[in-house]
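> Let me give you the structure first, and then I'll get to my questions.
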Amino acid sequence: MLLYLFCFNNVTAQSTDLPKKIPRASAIFKTIDKAKAYIVKNQNRDGGWPLVPGDESDVEITALAIWALTESGWGTGSRVIRSGVKYLRDKQREDGSWNNNTAHTVFALIALRNAKTDEEARFNGLQWMMKAQNRSGSWGPKNKEPGHILYTSVALVGFKELGFNTNQFKTILTGMEWVEDLEQRNFEGYWTMPKRTQSDIYVTSWALNSIFPVFKLDEQIAWLKQFQNYDGGFPRFKGKTSDPEVTASVIMALATAGDPLNARRIAISYLTKVQEPDGSYKSATPIELQTPKANLQTTCFVLIAIHTKLESD
């Protein structure tokens, strides 16, 4: 009952650190407007969204689309949001999860929270997330699978986005401790995907986002910022070209860590310049894509990142 009351009576959606009224002629306003239009245009008839326009709807992308649109001011009572919510509601499993997947489930919970609807579905999803956690504090892609650094980080970021904190739920602290442990890092002291050695800027950004404010991050944030390219964006690996989704993940990490706005502002400026004419973004970060391609996942994360606020705001 305590979990239920906390989740649905005391949690409010995060606001943005952008000005309340962005000049309509500004590059950032046009970027946001075009990204929203692209997302809305590519909603499928079943209410869901696909990874790539024209494909079948996907739970994860649908949740991200609702999250992105509601963060950028789209009305929760609109047909677009309501039909997206219905799609998510219909796809929830009896065990409370979405696809027995921790990332899909936590993103769906954020979407439903932002849409201010389906309290029972959210409660059941939260219960599943708690049960899916390993004794080590980690989460795997699916229920009780071995701990995975990216899925654990995403789960923790999701809990923070929903309003939970370590003072109220020990399960989140144990997850943060698992992420911070040196055993989860490579020889340089940073994070990468399992069975890889090269420091991964994308994974490190999610990891840093997940363990703030419990652990001091100054050294790690300084390490992250050194990879900002001349165009203002961030690559996934040292020496590579900038990528919009990786840049979005870094912006979110910098905001969470309370880093000064300049690095984020330069990164956001990069995002305004590499947006496609139709409002989309190209990236090969989604695991389903082999080469950079315009997709809804990256476009949604860019929109979410632009609206991420500092903890002190």
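The values are calculated or read from the model by the stated rules, or taken from the named source; none is laboratory data. Here the structure is a predicted model, which means the values were calculated and not measured. Please note: Cβ atoms are built from the backbone with ideal geometry, for glycine as well, and neighbour counts cover all protein chains shown.
> Tell me which of these Trp178 doesn't satisfy, since it passes every other one: (1) at pLDDT below 95; (2) part of a helix (DSSP H, G or I).
(1)
> Hey, among Phe169, Phe187, Phe159, which residue is aromatic (Phe, Trp, Tyr) and under 19 Å from the mean Cα position of the chain (by Cα)?
Phe159 is the lone residue from the list that is aromatic (Phe, Trp, Tyr) and under 19 Å from the mean Cα position of the chain (by Cα).
> Another one. Would you mind stating whether Phe107 is modelled with pLDDT of 95 or more, surrounded by 15 or more Cβ atoms within 10 Å (Cβ to Cβ) and outside any loop (DSSP other than H, G, I, E, B)?
When the stated conditions are applied, Phe107 passes them.
> Further question: Quick check: is even one residue across region 249-261 more than 18 Å from Asn209 (Cβ to Cβ) and surrounded by fewer than 19 Cβ atoms within 10 Å (Cβ to Cβ)?
no
> Moving on. Which numbered condition trips up Phe234, out of (1) among the hydrophobic types (A, V, I, L, M, F, W, C); (2) within 19 Å of the chain's Cα centre (by Cα); (3) over 21 Å from Cys300 (Cα atoms)?
(3)
> Does Glu188 fit the bill of being farther than 23 Å from Glu60 by Cα, among the charged types (D, E, K, R), part of a helix (DSSP H, G or I) and out of contact with any Leu (no Cβ under 7 Å at 6 or more places or on another chain)?
no
> Here is a further query. Would it be correct to say that Glu183 is charged (D, E, K, R) and either under 19 Å from Leu88 (Cβ atoms) or assigned to a helix (DSSP H, G or I) (or both)?
yes
> Next up: Cβ-Cβ distance below 7 Å, separation of 6 or more or different chains: which pairs start in region 51-71 with a residue that is more than 18 Å from Leu162 (Cβ to Cβ) and end on one that is charged (D, E, K, R) and part of a loop (DSSP other than H, G, I, E, B)?
What qualifies is Leu51/Glu288; Ser57/Asp46.
> Between residues in region 178-205 that are touching a residue at least 60 places away in the same chain (Cβ under 8 Å) and surrounded by 18 or more Cβ atoms within 10 Å (Cβ to Cβ) and residues that are in a loop (DSSP other than H, G, I, E, B) and basic (Lys, Arg), which pairs lie under 8 Å by C-beta distance while being six or more apart or on different chains?
Tyr202/Arg236
> Could you run through region 110-138 and say how many residues are in a helix (DSSP H, G or I), among the small types (Gly, Ala, Ser) and within 14 Å of Leu156 (Cα to Cα)?
1
> Do you know which of the residues in region 191-206 that are in a loop (DSSP other than H, G, I, E, B) and of a type in the set (Val, Ile, Thr) is nearest to Lys144 (Cα to Cα)?
If we take residues in region 191-206 being in a loop (DSSP other than H, G, I, E, B) and of a type in the set (Val, Ile, Thr), then Thr192 is nearest to Lys144 (Cα to Cα).
> Return the residues of region 83-96 that are under 20 Å from Leu156 (Cα atoms) and buried (at least 24 other Cβ atoms within 10 Å of the Cβ); say none if nothing qualifies.
Once the filter is applied, which keeps residues that are under 20 Å from Leu156 (Cα atoms) and buried (at least 24 other Cβ atoms within 10 Å of the Cβ), region 83-96 yields nothing.
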